[in-house]
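Have a look at the structure below before the remarks.
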Amino acid sequence: MRDVTLLDIFEHRIAQKYLNRSGLAHAIAVAYHAFHLSKEHQLDVDIAAKAGLLHDMGHYTWYKNGKWDYDLYKQNDIHPIKGAERAHKLLIRLGENPIKAKTIALAILFHTDSFLPSNDIVRTPLQQVVKWADEKDEEEGGMHHYRTIEYERAEKSIIRLDKWIDEEYNH
Ligand SMILES: [Fe+2]
């Protein structure tokens, strides 16, 4: 049994706010990729899917004169740090197992090298899987953040993924 489902997370207003900001369609796609990759590598599918869903929730809006400013973003972005912290807070609030919450937060923290001065982190298999899952859904010029999905369809996708995770947990 899991303490928190993807649907619990998805329905929370904090998740709604930040998932919509960085692209709900991308978040769901990465959760699915993370599920499949973690299953393939015999890792915890629930932890991987949750980290996938929440990995970009730390994004800030770097706008200048109403337009996204890529240079400002590159220079100042710390979204993996913010995302790790936001996800951890949300998960604990929802009643997540604290060991799981920490593992998910760390996977979010290390899902990209973009904010680090060097790219020499040694990742755990789970952290690597979340990074790959994100890269699988990346589009040129950050377009993956702008893909949209209807609420009902998103909700259905989340419920289906929850079902798959439960099936993995039950056998
Ligand atoms: Fe991403």
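The values are calculated or read from the model by the stated rules, or taken from the named source; none is laboratory data. Model, not experiment: these values are computed from the prediction. Cβ sites come from the backbone with ideal geometry, for glycine too, and all protein chains shown count toward neighbours.
Name the single residue, out of those in the range 54-73 being of a type in the set (A, V, I, L, M) and within 15 Å of the ligand (Cβ to nearest atom), that is surrounded by the fewest Cβ atoms within 10 Å (Cβ to Cβ). Steps first, please.
Let us first name the residues in the range 54-73 that are of a type in the set (A, V, I, L, M), namely 54, 57, 72.
From the residues that got through so far, the ones that are within 15 Å of the ligand (Cβ to nearest atom) too are 54, 57.
Values: LEU54: 30, MET57: 24.
The qualifying residue surrounded by the fewest Cβ atoms within 10 Å (Cβ to Cβ) is MET57.
Whether any residue in the range 109-121 is at pLDDT 95 or above, closer than 24 Å to ALA25 by Cα and in contact with a Leu (Cβ under 8 Å, 6 or more places away or on another chain) is what I want to check.
Taking every residue of the range 109-121 in turn, none turns out to be at pLDDT 95 or above, closer than 24 Å to ALA25 by Cα and in contact with a Leu (Cβ under 8 Å, 6 or more places away or on another chain).
When the residues of the range 142-159 are narrowed to those that are surrounded by 13 or more Cβ atoms within 10 Å (Cβ to Cβ) and of a type in the set (Val, Ile, Thr), which ends up nearest to the chain's Cα centre (by Cα)?
Looking at the filtered set, the residue picked out is ILE158.
Please work out which one of (1) surrounded by fewer than 22 Cβ atoms within 10 Å (Cβ to Cβ); (2) touching a helix residue (DSSP H, G or I) at 6+ places or on another chain (Cβ under 8 Å); (3) assigned to a loop (DSSP other than H, G, I, E, B) is the condition LEU116 fails and give its number.
It fails just one condition, (2).
Consider ARG147 carefully, then state whether it is part of a loop (DSSP other than H, G, I, E, B) and either within 14 Å of the ligand (Cβ to nearest atom) or touching a Gly at 6+ places or on another chain (Cβ under 9 Å) (or both). Step through it out loud before you land on a result.
Details: part of a loop (DSSP other than H, G, I, E, B): yes; either within 14 Å of the ligand (Cβ to nearest atom) or touching a Gly at 6+ places or on another chain (Cβ under 9 Å) (or both): yes.
It is true that ARG147 is part of a loop (DSSP other than H, G, I, E, B) and either within 14 Å of the ligand (Cβ to nearest atom) or touching a Gly at 6+ places or on another chain (Cβ under 9 Å) (or both).
Examine the range 88-100 for a residue that is under 14 Å from LEU126 (Cβ atoms) and not hydrophobic (A, V, I, L, M, F, W, C), and state whether such a residue exists. Write out each step before concluding.
Going through the range 88-100, the residues under 14 Å from LEU126 (Cβ atoms) turn out to be 99-100.
Filter again for not hydrophobic (A, V, I, L, M, F, W, C), leaving 100.
Checked against the condition, which is being under 14 Å from LEU126 (Cβ atoms) and not hydrophobic (A, V, I, L, M, F, W, C), the range 88-100 yields at least one hit.
Which residue, of THR112, THR103, is within 12 Å of the ligand (Cβ to nearest atom) and of a type in the set (S, T, N, Q)? Break it down into steps so the answer makes sense when it comes.
Values: THR103 fails: within 12 Å of the ligand (Cβ to nearest atom).
Matching residue, one of THR112, THR103: THR112.
Do we find a residue being touching an Asp or Glu at 6+ places or on another chain (Cβ under 7 Å) and more than 17 Å from HIS145 (Cβ to Cβ) anywhere in the range 20-34?
No, the range 20-34 contains no residue that is touching an Asp or Glu at 6+ places or on another chain (Cβ under 7 Å) and more than 17 Å from HIS145 (Cβ to Cβ).
Which of the residues spanning the range 18-53 are away from the ligand (no atom under 16 Å from the Cβ) and under 17 Å from ALA84 (Cβ atoms)?
Within the range 18-53, ILE47 is the sole residue that qualifies.
Tell me the residue from ALA27, ALA84, ALA101 that is closer than 16 Å to GLU155 by Cα, in contact with a Leu (Cβ under 7 Å, 6 or more places away or on another chain) and free of Cβ contacts under 8 Å to residues at least 40 places away in the same chain, please. Don't jump to the end; show me each part of the working.
On the way: ALA84 fails: closer than 16 Å to GLU155 by Cα; ALA101 fails: closer than 16 Å to GLU155 by Cα.
Among ALA27, ALA84, ALA101, only ALA27 is closer than 16 Å to GLU155 by Cα, in contact with a Leu (Cβ under 7 Å, 6 or more places away or on another chain) and free of Cβ contacts under 8 Å to residues at least 40 places away in the same chain.
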